[in-house]
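To start, the structure itself, in structure tokens.
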There are 2 protein chains.
Amino acid sequence: MDITEADGRLLDAAEALFYEHGIQTVGMDRIRAASGVSLKRLYQRFPSKDVLVEAYLRRRDGRWRGALAEYVAARPSAAERPLAVFDWLEEWFGQPDFRGCAFINAYGELGTASPAVAEAVRDHKAEVLRYLHGLVRDAGAAEPGPVAEQLAVLADGAITTSAITGTPAPARSARQAASAVLEAAGFA
Amino acid sequence: MDITEADGRLLDAAEALFYEHGIQTVGMDRIRAASGVSLKRLYQRFPSKDVLVEAYLRRRDGRWRGALAEYVAARPSAAERPLAVFDWLEEWFGQPDFRGCAFINAYGELGTASPAVAEAVRDHKAEVLRYLHGLVRDAGAAEPGPVAEQLAVLADGAITTSAITGTPAPARSARQAASAVLEAAGFA
DNA sequence: TGGCGCGGAGAACGATCGTTCTCTAGGCTA
DNA sequence: TAGCCTAGAGAACGATCGTTCTCCGCGCCA
């Protein structure tokens, strides 16, 4: 097993365990067991749990936004792409391992204690907002900023509400609200 | 110090510490120190940390919804009360100790591990939705259900977005989106 | 006044955690 | 083949946590 494979297995195990059970309840030894990578190697690649947690968040950020962007980009017209975000959310919410936003969860758990985690979470949310801003702009909005911010609020609200209630329905509520927001902003 | 005072001091200390630092990072001994109640008494009143956590969440639920309802009820006309919710949120977000939704944070941390916590969180969100439903109904909506769900999503989104970005601005975004939702539902 | 029970302070206990250390086996080089 | 470097398995260590126990002093009742 070379180093890149070990990194991948470690991050895969960390992501699965941290996301499902929270960060503090998952010990390093559990990640070793799930990944099959020895503890020595683990600490060679990620010198502390904090570093591993930040790496987990940053890799998940890239994958998450990549999957969203890929789904949305498949829509032929730019006008329907902002609402497509909420269709993607609904699919995500229906997956059995869905447990809310990894970043919001991490922030609630460690936002006070770990500046690195807090920054990774803020970066993620900023990137999502930037992405929504582009979608809204390309859909033809004169002033995309306020609309993008409203869509970001709706997306975060849908994620947390769905996580707690256990149903994908909030995605549809958020989509309907987003539709009202877009209509009020002047483009249907 | 009698029992009701000890309970109050314990719950005050637990609420301040759990909300600010998260639940797992705060030990029972820290709650003892902050409350001035001996460890023996603490365990007499709350036989385990889980019980204390649930009590913290349930008391906070009542206080939080009470404060919101009091603020909103001061609005003279029922029609403006749904939007007043977001004015209250904005005031809350501006307070220095604001750190997001205690229930979402607790759910992210312990939702998998503690069924009692998960249930308390779900109960809180259900009560908030019920409250919003009443506001929307009293404002004159023919079908208040979908509108109330959209407002609930907006409120949760505003709370988490504000917690992470550190500004009260998402309350205004959510308010504007709520206004669009209400307008689209037929009552301006 | 003398014994008794309750409450407080804090030590103690067992478990767990993040992190490091030890020991050993195996593969590469000369 | 002999020596050495690496890596893995897992013990070990120090800290912390939830929870319980010990010890002591103070107030109450006969």
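The values are calculated or read from the model by the stated rules, or taken from the named source; none is laboratory data. Keep in mind that what you see is a predicted model, and the values were worked out from it rather than measured. Quick reminder, even Gly has a Cβ in these numbers, built from the backbone with ideal geometry, and neighbours come from all protein chains shown.
Kindly provide the set of residues from the range A:107-135 that are basic (Lys, Arg) and closer than 14 Å to residue A:69 by Cα, ordered by number. A:130, the sole residue that qualifies. Within the range A:144-177, how many residues turn out to be more than 7 Å from chain B (Cβ to nearest Cβ) and either part of a loop (DSSP other than H, G, I, E, B) or in contact with a Phe, Trp or Tyr (Cβ under 6 Å, 6 or more places away or on another chain) (or both)? Residues meeting the conditions: 6. Pairs linking a residue in the range A:26-42 that is closer than 13 Å to residue A:7 by Cα to a residue that is among the polar types (S, T, N, Q), with Cβ atoms under 7 Å and 6 or more positions apart or on different chains, are A:32/A:38. The numbered conditions (1) more than 29 Å from residue B:26 (Cβ to Cβ); (2) more than 10 Å from DNA strand C (Cβ to nearest atom); (3) surrounded by 12 or more Cβ atoms within 10 Å (Cβ to Cβ) are all true for residue A:34 except (1).
This table checks each residue for (1) within 16 Å of DNA strand D (Cβ to nearest atom); (2) of a type outside the set (Val, Ile, Thr); (3) within 15 Å of residue A:13 (Cβ to Cβ); (4) in contact with an Asp or Glu (Cβ under 8 Å, 6 or more places away or on another chain).
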site	(1), (2), (3), (4)
A:27	yes, yes, yes, no
A:34	yes, yes, yes, no
A:40	yes, yes, no, no
A:68	no, yes, no, no
A:76	no, yes, no, no
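Being assigned to a helix (DSSP H, G or I) and at pLDDT below 95 holds for only one residue in A:5, A:20, A:15, and it is A:5.
Give B:78, B:69, B:55 a once-over and let me know the one that is crowded, with 18+ Cβ neighbours inside 10 Å, more than 14 Å from chain A (Cβ to nearest Cβ) and more than 16 Å from DNA strand C (Cβ to nearest atom).
On the way: B:78 fails: crowded, with 18+ Cβ neighbours inside 10 Å; B:69 fails: crowded, with 18+ Cβ neighbours inside 10 Å.
Among B:78, B:69, B:55, only B:55 is crowded, with 18+ Cβ neighbours inside 10 Å, more than 14 Å from chain A (Cβ to nearest Cβ) and more than 16 Å from DNA strand C (Cβ to nearest atom).
Condition check: buried (at least 22 other Cβ atoms within 10 Å of the Cβ) and over 17 Å from the mean Cα position of the chain (by Cα). Does residue B:178 satisfy that?
Spelling it out, residue B:178 is indeed buried (at least 22 other Cβ atoms within 10 Å of the Cβ) and over 17 Å from the mean Cα position of the chain (by Cα).
Within the range B:109-127, does at least one residue satisfy the condition of being over 26 Å from residue A:25 (Cα atoms) and out of contact with any strand residue (DSSP E or B) (no Cβ under 9 Å at 6 or more places or on another chain)?
First, the residues of the range B:109-127 that are over 26 Å from residue A:25 (Cα atoms): B:126-127.
In the following step, the residues that additionally are out of contact with any strand residue (DSSP E or B) (no Cβ under 9 Å at 6 or more places or on another chain) were identified as B:126-127.
Yes: the range B:109-127 contains one or more residues that are over 26 Å from residue A:25 (Cα atoms) and out of contact with any strand residue (DSSP E or B) (no Cβ under 9 Å at 6 or more places or on another chain).
Here residue A:49 qualifies as over 30 Å from residue A:175 (Cβ atoms), more than 17 Å from the chain's Cα centre (by Cα), within 13 Å of DNA strand D (Cβ to nearest atom) and within 14 Å of chain B (Cβ to nearest Cβ). Looking across B:57, B:10, one residue alone is free of Cβ contacts under 8 Å to residues at least 60 places away in the same chain and more than 11 Å from DNA strand D (Cβ to nearest atom). It is B:10.
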